[in-house]
1. I need a count of the residues in the range 304-337 that are open to solvent by 60 Å² or more (accessible area, probe 1.4 Å) and in contact with a Ser or Thr (Cβ under 6 Å, 6 or more places away or on another chain).
2. Take P301 and decide whether it is touching a residue at least 12 places away in the same chain (Cβ under 8 Å), open to solvent by less than 40 Å² (accessible area, probe 1.4 Å), not in a helix (DSSP H, G or I) and not basic (K, R).
3. Give the residues of the range 154-194 that are touching a residue at least 40 places away in the same chain (Cβ under 8 Å), assigned to a loop (DSSP other than H, G, I, E, B) and out of contact with any strand residue (DSSP E or B) (no Cβ under 8 Å at 6 or more places or on another chain), sorted by residue number.
4. In this structure, does H129 turn out to be surrounded by 18 or more Cβ atoms within 10 Å (Cβ to Cβ), modelled with pLDDT under 95 and not basic (K, R)?
5. Scan the range 33-50 and tell me whether some residue there is closer than 18 Å to E163 by Cβ and of a type in the set (S, T, N, Q).
6. Can you tell me which residue is farthest from F38 (Cα to Cα) among those in the range 81-100 that are in contact with a strand residue (DSSP E or B) (Cβ under 9 Å, 6 or more places away or on another chain) and open to solvent by less than 10 Å² (accessible area, probe 1.4 Å)?
7. For the range 160-173, check the following and say yes or no: at least one residue is closer than 26 Å to A306 by Cα and open to solvent by 10 Å² or more (accessible area, probe 1.4 Å).
8. Can you tell me which condition E292 does not meet? The list is (1) at pLDDT 95 or above; (2) open to solvent by 80 Å² or more (accessible area, probe 1.4 Å); (3) in a loop (DSSP other than H, G, I, E, B), and all the others hold.
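The values are calculated or read from the model by the stated rules, or taken from the named source; none is laboratory data. Since we're looking at a predicted model, the values are computed, not measured. We place every Cβ from the backbone using ideal geometry, glycine too, and count neighbours over all the protein chains shown. The accessibility values were calculated without ligands, DNA or RNA, using every heavy atom of the protein model including side chains. Shrake-Rupley method; radii C 1.70, N 1.55, O 1.52, S 1.80 Å.
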Amino acid sequence: MPRMTMIQAVRDAMDVAMGRDERVVVYGEDVGYFGGVFRATQGLQEKYGRHRCFDAPISESGIVGTAIGMAANGMRPCVEIQFADYMYPAYDQITQEAARIRYRSNADFTCPMVIRMPTGGGIFGGQTHSQSPEALFTHVAGLKVVVPCTPYDAKGLLIAAIEDPDPVIFLEPKRLYNGPFDGHYERPVTGWGKHPDGEVPEGYYTVPLGQAAVRREGREVTILAYGTMVHVALAAAEDTGIDAEVIDLRTLLPYDLDAITASVRKTGRCVILHEATLTSGFGAELAALVAEHCFYHLEAPIRRVAGWDTPYPHAQEWDYFPGPGRVGEALKQTMEA
């Protein structure tokens, strides 16, 4: 089985989808000739032509708006917002149009489109290239929200998203593009080529939306995480020696409530981990779900580890980033409670 980086897996997913369905088109800023700022679409224009993979003007609202029109008329656009931080001019189109069109038309129209966005920090991008806006989308009825943490999942989830009949926000943790990152920034990074999760099947396959994955089995405490933070959670469990079960949500909306509750009822403790700002982050929704469905199984308060309530800094990036040290402390405090 070949090994791929997450960038290659994302590109392969679009290649497979475009090859299977001529209605699939790919476009965005610098996506065509240049192959995208992270090269995720490199070679697609050469293979499929400029009518199916092309560059768009620097207008996020225009990119999403035209994609909605295409989707409503039977096409399946997969568009790229160059950084998740740039999506705000298109937020009205995403939330008021793409997410609503099925409801407003009584299902006469649907919106089968994917909006890809590199998300998160860890690359010294500063406050305008490091944001994690997933909670802004999970609050919107009509959207699906996906955050992969391995190349295998990135390919399978993206193909499933492109085939989905409704709009999907596909957030790609850019710190994972070239290799898994456990938060130990001072250590050399192991690329996906030397990591077992870098194995990606050739050709077509899907990973169903709405199904979480158990990345590490444990009996003492549950860690709920997604994206880059899955790898940080694994590192924290290893560093502390605590028998933690790590649940990779993969899809934030729809979320896998069965997987969440099964794990927390087993362990009796829960730590929630995400890179986005703490206040009103998606971790708050997860905490509410755990409290509602697992209250009588909990042996300690639910804890959240997240980014601070401040814009993502450049010079103090690792003070903001929820690394394995902060997660490890939360695990220890939860076990001592």
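1. 1
2. Values: touching a residue at least 12 places away in the same chain (Cβ under 8 Å): yes; open to solvent by less than 40 Å² (accessible area, probe 1.4 Å): no; not in a helix (DSSP H, G or I): yes; not basic (K, R): yes.
It is false that P301 is touching a residue at least 12 places away in the same chain (Cβ under 8 Å), open to solvent by less than 40 Å² (accessible area, probe 1.4 Å), not in a helix (DSSP H, G or I) and not basic (K, R).
3. P165, N178, G179, P180, F181, D182, G183, H184, Y185, G191 - these are the residues of the range 154-194 that are touching a residue at least 40 places away in the same chain (Cβ under 8 Å), assigned to a loop (DSSP other than H, G, I, E, B) and out of contact with any strand residue (DSSP E or B) (no Cβ under 8 Å at 6 or more places or on another chain).
4. Values: surrounded by 18 or more Cβ atoms within 10 Å (Cβ to Cβ): yes; modelled with pLDDT under 95: yes; not basic (K, R): yes.
In short, yes.
5. Taking the range 33-50 and keeping what is closer than 18 Å to E163 by Cβ, we get 44, 48.
Remaining after also requiring of a type in the set (S, T, N, Q): none.
Checked against the condition, which is being closer than 18 Å to E163 by Cβ and of a type in the set (S, T, N, Q), the range 33-50 yields no hits at all.
6. In the first step, residues of the range 81-100 are kept if they are in contact with a strand residue (DSSP E or B) (Cβ under 9 Å, 6 or more places away or on another chain); the result is 81-87, 90, 94, 98.
Narrowing further to those that are open to solvent by less than 10 Å² (accessible area, probe 1.4 Å): 81, 84, 87, 90, 94, 98.
Values: I81: 12, A84: 13, M87: 17, A90: 21, I94: 23, A98: 26 Å.
Of everything passing the filter in the range 81-100, A98 is farthest from F38 (Cα to Cα).
7. So the first thing to find is which residues in the range 160-173 are closer than 26 Å to A306 by Cα, and the list is 168-173.
After this cut, where a residue has to be open to solvent by 10 Å² or more (accessible area, probe 1.4 Å) as well, the list is none.
No, the range 160-173 has no match at all.
8. (3)
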